[in-house]
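Visitor: The structure follows.
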Amino acid sequence: NAGVTQTPKFQVLKTGQSMTLQCAQDMNHEYMSWYRQDPGMGLRLIHYSVGAGITDQGEVPNGYNVSRSTTEDFPLRLLSAAPSQTSVYFCASSYESPQSSYEQYFGPGTRLTVT
Amino acid sequence: GIQVEQSPPDLILQEGANSTLRCNFSDSVNNLQWFHQNPWGQLINLFYIPSGTKQNGRLSATTVATERYSLLYISSSQTTDSGVYFCAVVSGYNKLIFGAGTRLAVHP
């Protein structure tokens with residue numbers, strides 16, 4: 001299993017440009033999430049999904065869109081990039097089991113700079 | 001919402017020393033995870049520990065859910081232990097609430 005994969009690893013955008021960060025998992029996990037990490041801080045939840053076709057907002061959703069058409073993929077779209085969106089973005093997946101309810105597994109991250 | 005506080009914010013150790021990192025949370029939680037973020041930014045799952053004690057090599061963790069805290073123990077620290085240690089609790093389905101982290105530097 002590749003686990004949680006993210007592309008690209010690095011991206012530089014100009015203010016106002018749009019782009020999509022890709023996230024995929026091959027563990028058949030039902031839950032997927034996007035977080036951002038700003039310098040010196042912990043991660044904050046942007047959007048999450050509890051299954052294909054179902055998404056919801058997290059703590060910092062403004063400026064981002066998501067969709068979940070398949071179990072495996074959960075892309076994050078930046079509609080009009082702003083310098084405040086400069087951050088490292090992590091995708092995570094999880095599942096519910098009696099042994100490890102919602103234990104989350106993270107991808108390697110995408111480092112985004114908006115100039 | 002749930003607040004997660006970690007202490008100390010920064011820690012400097014000599015190789016071979018032991019340390020204890022603390023995580024306090026403001027409300028009852030079902031799930032708690034400890035992560036290590038290495039200097040390259042990768043997040044590594046250390047423990048899933050909603051309660052009780054677990055050990056994995058030189059690392060161990062204890063969560064006392066009724067008193068709303070968790071401890072991460074690092075024994076015989078190595079330079080490869082350097083990085084940031086995060087505690088995170090689950091709110092709702094799968095929404096992790098992270099603490100600000102403890103930055104650990106282990107010197108040879």
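Visitor: Name every residue in the stretch B:1-57 that is part of a strand (DSSP E or B), within 12 Å of chain A (Cβ to nearest Cβ) and small (Gly, Ala, Ser), in order of residue number.
Guide: None - no residue of the stretch B:1-57 is part of a strand (DSSP E or B), within 12 Å of chain A (Cβ to nearest Cβ) and small (Gly, Ala, Ser), so the list stays empty.
Visitor: Can you name every residue in the stretch B:58-80 that is of a type in the set (D, E, K, R) and in a helix (DSSP H, G or I)?
Guide: B:67
Visitor: I need a count of the residues in the stretch B:6-56 that are surrounded by fewer than 14 Cβ atoms within 10 Å (Cβ to Cβ) and not polar (S, T, N, Q).
Guide: 11
Visitor: Do you know which residues across the stretch B:66-102 are in contact with a strand residue (DSSP E or B) (Cβ under 7 Å, 6 or more places away or on another chain), β-branched (Val, Ile, Thr), over 20 Å from residue B:55 (Cα atoms) and free of Cβ contacts under 8 Å to residues at least 60 places away in the same chain?
Guide: none
Visitor: Which residues, taken from the stretch A:68-101, are of a type in the set (Phe, Trp, Tyr), surrounded by fewer than 22 Cβ atoms within 10 Å (Cβ to Cβ) and assigned to a loop (DSSP other than H, G, I, E, B)?
Guide: Across the stretch A:68-101, there are no qualifying residues.
We did not get these values from a lab; they are worked out from the coordinates using the rules stated. Computed from a predicted model, the values in this text were never measured in an experiment. A quick note on method: Cβ atoms are made from the backbone with ideal geometry, for glycine too, and the neighbour counts reach across all protein chains shown.
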